[in-house]
Amino acid sequence: MAQNNTAATDAISRLIQELNKLPGIGPKSAQRLAYYLLRAPQEQAERLASAVISLKLEIKLCSCCFNVTDADPCALCRNEQRDRTKVCVVEQPQDILAIEHTGVYKGLYHVLHGALSPTEGVGVNDVRIKELTARLTDGIVKEVILATNTNLEGEQTAMYLNHVLNPLGIRVTRLARGLPFGTELEYADDATLTRALEGRSEL
Amino acid sequence: MSTPREYQTSGIIIRKTKLGEADRILTVYTPELGKFDAVAKGVRRPKSKMAGHLELLTYSQLTLARGRSLDIITGSQTIESFLPLKNDLWLMSYGLYVIELVNQFTAIEVPDEDLFQLALTTLRQLCQSDNRDLLLRYFEIQLLQHSGYRPQLRECVACHQVLQPVNNSFSASNGGILCPSCAARQPFAHSITVNAIKVLRFIQDNSLESVLKLKINPILAREIEGVTRGYLKYLLEREVKSVAWLDDLREQMRVMVNKKVVNAPDTGDAENAATEV
C-alpha cells in the first residue's frame with residue numbers, strides 16, 4: 001500500500017488517503033474508487049466534488065428539532081399540516097427517515113444526536129436533552145413519543161427522559177417493544193419476549 | 001493437532017463497541033477464559049437473532065468460531081438477562097458501574113472464577129436487594145481484594161501501630177489508614193471517621209449476606225462511598241466514567257425533590273387563598 005502511494009502521483013494518493021477515512025472503505029476500495037474517478041468524465045467528478053462541498057456549506061441543524069436541514073427551521077418544523085402537539089424523540093437524523101417512510105406519524109421530531117452511555121462517558125450534556133425540555137415549556141406539546149433505540153443505551157435514555165419529562169405534566173410514551181415482523185419465536189431473547197407478552201393485544 | 005475451530009463458553013457482556021455497518025465488538029467476561037473481545041456480526045440489524053442475547057448486562061451462553069484476530073460469535077442464548085436492571089434507571093446505572101469496574105480491573109484472558117462469581121452475585125443481588133449502597137461497597141472492597149489492593153484498615157500503614165478510635169485518615173497512595181501523627185506528613189490523606197472504618201472492616205471480613213443486613217445512615221454511606229471511589233480512582237489513574245453519570249443522576253433527583261418542596265407551599269397558599277375567599 002505504502003509503495004503504491006509513492007508510485008502513484010500526489011493527487012491520486014491524496015484522494016486515496018481521504019477516501020480511506022470514510023466508514024467501510026479500506027485501502028483497496030479507496031484505490032479502486034480513486035482510479036474509477038480518474039477515468040470517469042470530468043462532469044461526474046465535479047458533481048461529486050460540489051455535492052461534498054455544498055454538504056458542508058449548506059447543511060445545518062434545525063434550531064427547533066435539530067434535524068439536518070438546508071433551511072432553518074427545517075421543512076418538517078415549517079409544515080403547517082403536521083400535528084404540533086406531538087414530538088417524537090429519536091437518536092439520530094436517519095431515524096426520522098425510517099419513521100417518515102412509514103407515513104403513519106404526522107407529528108414533529110426531536111433529534112438527540114446520541115444516546116446516554118455512562119460507561120463511554122456520554123452524559124446528559126452530550127446529547128440534546130436540555131434543548132428538548134426547553135422546547136416543551138411552551139405548553140403546545142401534549143405528548144412526547146420516545147423512539148430511542150431498544151438497546152441498553154436507548155432504554156436508559158428513554159428512562160431518563162421519562163424521569164425528567166414526567167414532572168412537566170406531558171404525556172410520555174415509548175414505542176412498543178416486541179417481536180419484529182418476520183421473526184421466529186425460538187430465537188427471541190427473554191427481554192423481547194417478556195415485553196411482547198406484556199404488550200399483547202386483541203386481534 | 002490444531003485447536004477446534006468452534007468452542008463454547010458462557011459469560012457476561014461487559015462492553016460493546018460498534019464495528020462497521022452492522023457489527024459489534026463485544027467484551028465478554030467468562031469464568032474459564034477470563035475477559036476477551038469477540039466480534040458479533042449483524043447484531044445491529046433489527047432481525048438479528050443474536051442481538052437480544054448479546055446486550056450489555058446479559059449473562060449468555062456463546063458459541064464462537066476462531067477468527068484471524070478476534071473470534072466470531074456464531075450463536076448465543078441468554079442464561080440470565082437481569083431484567084430488573086434493564087427496567088429501572090438507577091439499577092441500570094449501578095449495573096453499568098459494576099461491569100465498568102470489572103472491565104477496568106481485569107486483564108485480557110486471565111481467568112478468575114471467584115471474581116466472575118462476585119460480579120454475577122452482585123448483578124443478581126442488584127435485582128433483589130434494596131441495600132444497594134452496601135452491595136456496591138461490598139463489590140468494590142472484594143474486587144480490590146481480588147486484584148491485590150486490599151486496603152489496610154487495622155493498623156497504620158506507615159508506623160504499623162494499632163489504630164486508635166479517633167478520626168484517622170485514609171491514604172489511597174499508601175493503600176490504607178494512617179494514624180493522625182503519620183497523616184500529618186502525608187498531604188493526600190483524607191480524614192475518615194471511626195464509624196466509616198468500622199463499616200469498611202465489616203465489609204472486608206464478612207459475607208455478603210451479613211453485609212446486606214447492615215443498616216447505615218446516608219451521611220455515613222456517602223463518606224464510605226467517597227473513600228472507595230477515591231481509592232479506585234487512584235488505582236485506575238483515571239475517573240470511572242459511570243461515576244460521573246451516577247453523580248449527575250443523584251444531582252437531578254436532588255433538584256427535583258427541592259422543586260417539589262418549593263412548589264408544595266405554593267399550592268398550600270393557593271388552597272389557603274381559596275378557603276379565605
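Could you tell me whether the stretch B:88-100 includes any residue that is farther than 15 Å from residue A:153 by Cα and either at pLDDT below 95 or acidic (Asp, Glu) (or both)? No, that holds for no residue.
Within the stretch A:14-32, residues that are within 14 Å of another protein chain (Cβ to nearest Cβ) reach no partner that is surrounded by 16 or more Cβ atoms within 10 Å (Cβ to Cβ) and at pLDDT below 90 with beta carbons closer than 6 Å at six or more positions or on different chains.
When the stretch A:100-120 is filtered for residues that are surrounded by fewer than 18 Cβ atoms within 10 Å (Cβ to Cβ) and either in contact with a Phe, Trp or Tyr (Cβ under 7 Å, 6 or more places away or on another chain) or basic (Lys, Arg) (or both), the ones remaining, listed by number, are A:106, A:113.
The strands (runs of 3 or more DSSP E) found wholly in the stretch B:157-220 and carrying at least 2 residues that are modelled with pLDDT of 90 or more and hydrophobic (A, V, I, L, M, F, W, C) occupy B:176-178.
Looking across the stretch B:95-123, just one residue is facing chain A (nearest Cβ under 10 Å) and either closer than 11 Å to residue B:146 by Cα or of a type in the set (Gly, Ala, Ser) (or both), and that is B:95.
Got at least one residue in the stretch A:85-101 being in contact (Cβ under 8 Å) with a residue 60 or more places away in the chain, closer than 20 Å to residue A:145 by Cβ and of a type in the set (D, E, K, R)? Yes, there is a match, as at least one residue in the stretch A:85-101 is in contact (Cβ under 8 Å) with a residue 60 or more places away in the chain, closer than 20 Å to residue A:145 by Cβ and of a type in the set (D, E, K, R).
Could you pull out the residue among A:104, A:127, A:122 that is aliphatic (A, V, I, L, M), out of contact with any strand residue (DSSP E or B) (no Cβ under 6 Å at 6 or more places or on another chain) and facing chain B (nearest Cβ under 10 Å)?
Exactly one residue qualifies, and that residue is A:122.
Residues of the stretch B:31-88 that are out of contact with any Asp or Glu (no Cβ under 8 Å at 6 or more places or on another chain) and of a type in the set (Lys, Arg): B:45, B:47, B:68.
Across the stretch A:182-203, the qualifying residues are those that are within 11 Å of chain B (Cβ to nearest Cβ) and of a type in the set (S, T, N, Q), and the one among them that is farthest from residue B:50 (Cα to Cα) is A:194. Listed by first and then second residue, the pairs with beta-carbon distance under 6 Å, at least 6 apart or on different chains, first residue in the stretch A:103-130 and assigned to a helix (DSSP H, G or I), second of a type in the set (Lys, Arg), are A:119/B:241. Checked against the criterion of being farther than 15 Å from residue B:77 by Cβ, among the small types (Gly, Ala, Ser) and away from chain A (no Cβ under 12 Å), the stretch B:21-36 contains one or more residues that satisfy it. Among residues of the stretch B:60-70 being surrounded by fewer than 22 Cβ atoms within 10 Å (Cβ to Cβ) and under 29 Å from the mean Cα position of the chain (by Cα), the one that is nearest to the other protein chains (Cβ to nearest Cβ) is B:61.
In the stretch A:13-60, what count of residues is obtained for those that are part of a loop (DSSP other than H, G, I, E, B) and either of a type in the set (Gly, Ala, Ser) or surrounded by fewer than 10 Cβ atoms within 10 Å (Cβ to Cβ) (or both)? I'd like the intermediate steps shown before the answer.
We begin by selecting, within the stretch A:13-60, every residue part of a loop (DSSP other than H, G, I, E, B); these are A:21-26, A:40-41, A:59.
With the extra rule that they be either of a type in the set (Gly, Ala, Ser) or surrounded by fewer than 10 Cβ atoms within 10 Å (Cβ to Cβ) (or both), the set shrinks to A:21, A:23-24, A:26, A:40-41.
Selection size over the stretch A:13-60: 6.
Would the stretch A:167-181 turn up any residue that is assigned to a helix (DSSP H, G or I), within 12 Å of another protein chain (Cβ to nearest Cβ) and without any contact (Cβ under 8 Å) to a residue 40 or more places away in the chain? Yes: the stretch A:167-181 contains one or more residues that are assigned to a helix (DSSP H, G or I), within 12 Å of another protein chain (Cβ to nearest Cβ) and without any contact (Cβ under 8 Å) to a residue 40 or more places away in the chain. Taking the criterion of being touching a Ser or Thr at 6+ places or on another chain (Cβ under 6 Å) and in a strand (DSSP E or B), the residues of the stretch B:4-36 that qualify are B:8, B:9, B:11, B:13, B:14, B:15, B:25, B:30, B:35. Here are some conditions: (1) under 19 Å from residue B:98 (Cβ atoms); (2) part of a loop (DSSP other than H, G, I, E, B). Residue B:125 meets all but one. Which one does it not meet? It is condition (2) that residue B:125 fails. Applying the condition of being acidic (Asp, Glu) and within 22 Å of the chain's Cα centre (by Cα) to the stretch A:133-166 and asking which residue is nearest to the other protein chains (Cβ to nearest Cβ) yields A:155. A count restricted to the stretch A:128-177 and to residues that are β-branched (Val, Ile, Thr) and within 23 Å of residue B:94 (Cα to Cα) stands at 5.
Of all residues in the stretch B:37-57, those satisfying the criterion of being in a loop (DSSP other than H, G, I, E, B) and facing chain A (nearest Cβ under 7 Å) are B:46, B:47, B:49, B:55, B:56, B:57.
The values are calculated or read from the model by the stated rules, or taken from the named source; none is laboratory data. Remember, it's a predicted structure, so these values are computed and weren't measured experimentally. Ideal geometry is used to build each Cβ from the backbone, glycine not excepted, and the neighbour counts take in all protein chains shown.
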